[in-house]
There are 2 protein chains.
Amino acid sequence: MASLKSHNKKEQDLSLTKNQKIVLNLLQNSSEPLKAYSILDSLKTEGLKSPLQIYRALDKLEKLGKIHKIESKNSFIACSNSNCARNTAFTICESCGNVKELKNNYLSDGVNELIKKNKMSITRYNLEFYVLCKNCKTN
Amino acid sequence: MASLKSHNKKEQDLSLTKNQKIVLNLLQNSSEPLKAYSILDSLKTEGLKSPLQIYRALDKLEKLGKIHKIESKNSFIACSNSNCARNTAFTICESCGNVKELKNNYLSDGVNELIKKNKMSITRYNLEFYVLCKNCKTN
DNA sequence: CTTGAATTGTTATATTATTACATAATGTAA
DNA sequence: TTACATTATGTAATAATATAACAATTCAAG
């Protein structure tokens, strides 16, 4: 087991530490973005008791591209692509706050075009599209 | 002067209240985004002494589209277009943090195309492009 | 003038995030 | 292996950002 783990490190990010795994797991199983202190509350049972333990795990996961921060909501969401550490795009429902990550492939061509046309030399981008989600439209 | 002022209210947003004007003025004369508490510090001399006075002015100005919040920096910047209350786009230097608002016209066509192509029904957007600004490139 | 909406002032408090410091685990090169 | 650097941990304290609650005031519309 141990040897398997270390062998696959890079591919599967099994190199995550205990705290990082716990936090990532919570986010991956959440249907909505979570706030740091709400994560903390949820993980008190797992032995995480200080904000810093959460923030440190979040920082690392974000750098790895495994999660993203929705800045306008001070919330964190698991990456639904494949570890996009640099470019992100979300839709955010203006009514209920529901957030979805847009698939890289859907956008990247269009965004690249946009960038070229405007002669911008971009190292990274974050796009937030505000919408009315299906649920909220019908209500 | 006074009569001119009241006559042009709507066009020039002279209807702003005292606090709102003071805060907007500070932001318009700033070369960089400012944080709420730094605004508070700067305006202690003008009689503004509580965070809430600042936040309330900022909220109002943001709704009017006269300023924007850079969420990832918890900072505020005066609008450099004409009161774009809904759609915003910025470049943010990854090195020095320098922020510039992109002109609406530069982007809007391209963004609209992008939205159409992806069949999104967007009510509003905020685009953050991270760059290396000229200064930081050469250093 | 008077009524209702918006704005203000003030205190207290909630929420989000980091500093500082001591310790332990892990990786790596001699 | 030892030794050294790097990374992660735990904990307490505190900084930075933002809002709640309430009383008082301003100010335009009827």
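The values are calculated or read from the model by the stated rules, or taken from the named source; none is laboratory data. In this text the structure is predicted, and so the values were computed from the model without any measurement. Methodologically, a virtual Cβ is constructed for each residue, glycine included, from the backbone with ideal geometry; neighbour enumeration extends over all protein chains shown. The protein model used for the area step is the full one, side chains on, heavy atoms only, and it has no ligands, DNA or RNA in it. Shrake-Rupley method; radii C 1.70, N 1.55, O 1.52, S 1.80 Å.
Quick notes on this one:
- Here A:S72 does not fit the description of being at the interface with chain B (Cβ under 7 Å from one of its Cβ atoms), polar (S, T, N, Q) and open to solvent by 60 Å² or more (accessible area, probe 1.4 Å).
- So A:L24, is it under 14 Å from the mean Cα position of the chain (by Cα), within 13 Å of DNA strand C (Cβ to nearest atom) and under 29 Å from A:C93 (Cβ atoms): no
- Flag for A:K119 being closer than 19 Å to B:T88 by Cα and either within 16 Å of DNA strand C (Cβ to nearest atom) or touching a Gly at 6+ places or on another chain (Cβ under 9 Å) (or both): no
- Which numbered condition B:D109 misses (of (1) modelled with pLDDT of 85 or more; (2) at the interface with chain A (Cβ under 9 Å from one of its Cβ atoms)): (1)
- Hey, B:E46 of a type in the set (D, E), over 20 Å from B:Y125 (Cα atoms) and touching a residue at least 24 places away in the same chain (Cβ under 8 Å) or not: yes
- Of the set (1) more than 28 Å from B:I115 (Cα to Cα); (2) modelled with pLDDT of 95 or more; (3) open to solvent by 20 Å² or more (accessible area, probe 1.4 Å), all apply to A:G47 but (2).
- Scanning segment A:6-44 for residues that are more than 17 Å from A:V99 (Cα to Cα), within 14 Å of DNA strand D (Cβ to nearest atom), at pLDDT 90 or above and charged (D, E, K, R) yields A:K18, A:K21, A:K44.
- Yes/no for A:Y106 being in the same structural domain as A:L26 (by TED's automatic domain parsing) and over 21 Å from B:I92 (Cβ atoms): no
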